Every structure is written in structure tokens, then in C-alpha cells.
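Throughout, read-outs are computed from the coordinates displayed, never taken from laboratory work. Quantities reported herein were computed from a predicted structural model and do not represent experimental measurements. Cβ placement follows ideal geometry from the backbone for every residue including glycine, while neighbour counts extend to all protein chains displayed.
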Amino acid sequence: MSADTPWSALSEVYGFVGNSLLKPMTQTLSVGLDYAFWGSFPDFGDEAIRACIDACGRYAEAAATRPRDEAVQQVAVEYTRLFVGPPSPAAPPWETMHRGEGVTVGFGQATFEMRELLREAGLELRNENRQYEDHMGIELLYLSECCRRFAAGEAADEAALDSFIERHPLSWIASLRGRVIEAFPDGYFTGLLALAQSVLEFQAARLSR
């Protein structure tokens, strides 16, 4: 990537999406329901990303017609149905369960790989829900920290970053999105994951130049 790569903005985007996938909106900020938030969201000059941002903005605009607490609760219910259950998550958020057909156990090779990457980066996983390390939210937060380090001049291995994006979040986010669309085609997370995928694709394309 060029010297003008917006590392800080990429870090913030991945951080926002990653955190949004790890806790329901009732336990996090609800800025995703603010139309103005999406109006200032970075599109990196990419048309696909801009289209996803616009879709998220339209969701927020529609949500604004309801009481805020009601809109937040609706997203929280969607979150629970998709990523928690019961009886089981409609869209399992762990990479292991998207690596092959019929996988029903959320702990596998991808978990070990992410655990090792976190260890090598000096990052310690602390989460109340004891999520496996290959949770999409954790993978995006790891990527957020990598981009932060590039922005601060603390990292320079772009090939390793490209490999991580291609091998981990980008390799299965389409599968996760498909499950989300099946359950909530017009929901909040359908738009959010479309945005995340478009940003991952944008960055991977620039890194591989």
C-alpha cells in the first residue's frame, strides 16, 4: 500500500465493526443508529464501500422513526438470534464453523491459528463471554490493532497483513453474511457485514498490488 494509506481510519472502521459483533447494542454505543454517523463514515474513495455506507445510513434513517430504546432493542434481539441463540446461533460467528460443510463445533484449527496470532502480537483476549479466538469480531479487532500499529510506524510487514486478511476474515465473511441474510435480510447486521466485507476487499486489493 502507498505511503498515504489511511491506516488510522481503517483501524477505526475495523474496531467499530468488531466491537459491534461482540456485544449487543444494549451493551455498546448505539451510534450505528445515527444517520449523521454514517454521513461522516470514511469510504476511502471506493464506490462499493460508499454503497454499503449509504445502505447503513438508510437503515439508521428508518430506525429514527421509532423511539430510540425500541430501535436499540430491535438490533439487540437480532444480535442474539444471529450470534447467540437459543437454541443455536442462526449465523455462527466463528471461523471454524465456516471452513467446511456441516461443521457444528466452534473450536478448531482456525481457533488455534488466531490464538497464536494474538499471542505473537502480545495481545491478551479478555471477554466476559469467553468467545473463541476465531470469532469474526475478534479477528476484526486484531486487524484494527494491526492497522493502528502501521499508522504509528510500529509495523511494516504488509505481506503478512495481506495474508491474514485473505486467510482469515475475508475467507469466510461472505459465508457469515449469507447466514445473516437468510435470517434478517433487511436487518442491521446485513448492512454492517456487507460494509466490513467491502472494506476488507478494498484493503486486500491495495495490499496485493
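Counting every other Cβ atom within 10 Å of each residue's Cβ, HIS168, HIS135 order from fewest to most as HIS168, HIS135.
Helical runs (DSSP H, four residues minimum) scored at -39500 (n - 2.57) apiece and divided by the length of the chain put the mean residue ellipticity at 222 nm at -19500 deg cm²/dmol.
Please report SER88, SER30 as a ranked list, fewest other C-beta atoms within 10 angstrom at the top and most at the bottom. Present the calculation step by step, with values, prior to reporting the outcome.
On the way: SER88 8, SER30 17.
Lowest to highest Cβ neighbour count: SER88, SER30.
Labels on offer are (1) 25, 22, 15; (2) 22, 19, 18; (3) 32, 22, 15, and the one holding semi-axes √(5λ) of the Cα gyration tensor in Å computed from this structure is (1). Extending 7 Å from Cα along the Cβ direction at PHE112 and again at ARG68 yields two label points whose distance is 4.8 nm. Just checking the listed ones, GLY39, GLY18, GLY187: in the Gaussian network model of the chain with Cα springs under 10 Å, the one fluctuating most is GLY39.
Computed about its Cα centre, the charge dipole of region 36-192 is approximately 480 debye, with only Lys, Arg, Asp and Glu carrying charge at their Cβ.
Counting GluC sites (Glu not before Pro) as exposed when in a DSSP loop with at most 10 other beta carbons within 10 Å, what is the longest stretch of the chain free of them? Longest gap between qualifying sites, sites excluded: 1-100.
Counting 0.36 nm for each residue step from THR26 to ALA205 and taking away their Cα separation leaves a gain of 60.9 nm. Placing unit charges on the Cβ atoms of the charged side chains and taking the dipole of the chain about its Cα centre, the candidate lying farthest along the positive direction among LEU170, ALA110, GLY122 is ALA110.
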